[in-house]
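Read through the structure below, which is laid out as structure tokens, and then see the notes.
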Amino acid sequence: MRLRSEHWAALRVLAAGEAVGHGWVGPQCGISAAVFRSLAGQGLCEMAGEELLPTLGFGRQVGWAVRLTTDGHDALLYEAERSTAPPQRPARPADPDLRRVTLPPVDMAVLRRYVTLSAQLRCPPADGLEEALREAYQDAPGSRYEVWLTEQQMTSVARAFFLERVTGGTAAGNRYAREHGVIYRRAENRGL
């Protein structure tokens, strides 16, 4: 069941209650017990048993108390992350030596694997390539990434696609050469 706005508000009240004392919230919070029962049915909060109620300090006549569960806490975090606006396209870098490169997600996966191995490679990626990949911008899931690279980083990317080619994948290198005009040449090996 998808939560409605009153459910999210109730979870936020419970999260605020976690920071105070025992974490239990009672009728004084102003939210209907029915809302909390609905959340408890989904495992997002738990209702206090009758034996626990008198020990919570809400007074003798309190009819219910509730607190956030681990799933409720994590649902709040997930909802906040999901609701976060997508990042804005960064401004074009001021450095005139940087060149705009666009890459499909499958090619970015190759490059991420390449920089992951950088400490073990005898010819590691060019300085700043890992940071440039971290700062890559993608408009929407599945769309191309926009990366700004120096000439040395572009040559390093071509080397990554060379390594991909010798292990069986030719598409990334061919696409990169066709779209950006950069091909790895073994003689360049010493210059990386």
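The values are calculated or read from the model by the stated rules, or taken from the named source; none is laboratory data. All figures in this text were calculated on a predicted structure; none of them were measured in a lab. In this analysis, Cβ positions are derived from the backbone assuming ideal geometry, glycine residues included, and neighbour counts consider all displayed protein chains.
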Of the candidates Leu53, Leu39, Leu77, the one satisfying the condition of being out of contact with any helix residue (DSSP H, G or I) (no Cβ under 9 Å at 6 or more places or on another chain), surrounded by 14 or more Cβ atoms within 10 Å (Cβ to Cβ) and over 30 Å from Phe162 (Cβ atoms) is Leu53
*Report yes if some residue within region 81-90 is of a type in the set (Val, Ile, Thr) and surrounded by fewer than 12 Cβ atoms within 10 Å (Cβ to Cβ); otherwise report no.*
yes
By residue number, the members of region 127-171 that are under 18 Å from Pro96 (Cα atoms) and aliphatic (A, V, I, L, M) are Leu129, Ala132, Ala136, Val147, Leu149, Met154
Of the candidates Arg12, Arg67, the one satisfying the condition of being modelled with pLDDT of 90 or more, assigned to a strand (DSSP E or B) and surrounded by 14 or more Cβ atoms within 10 Å (Cβ to Cβ) is Arg67
- Within region 110-131, can one find any residue that is within 25 Å of the chain's Cα centre (by Cα), outside the structural domain of Ala15 (by TED's automatic domain parsing), of a type in the set (Val, Ile, Thr) and exposed (fewer than 14 other Cβ atoms within 10 Å of the Cβ)? yes
Self-check item: So Gly168, is it assigned to a loop (DSSP other than H, G, I, E, B) and in contact (Cβ under 8 Å) with a residue 24 or more places away in the chain
Solution: no
Note: among Ala126, Ala109, just one is hydrophobic (A, V, I, L, M, F, W, C), assigned to a loop (DSSP other than H, G, I, E, B) and closer than 18 Å to His180 by Cβ, namely Ala126
* Based on what the data block shows, is Asp97 closer than 30 Å to Asn174 by Cβ and either at pLDDT 90 or above or assigned to a loop (DSSP other than H, G, I, E, B) (or both)? -> yes
(Q) Yes or no: region 134-150 includes at least one residue that is out of contact with any Phe, Trp or Tyr (no Cβ under 6 Å at 6 or more places or on another chain), part of a helix (DSSP H, G or I) and touching a residue at least 12 places away in the same chain (Cβ under 8 Å). (A) no
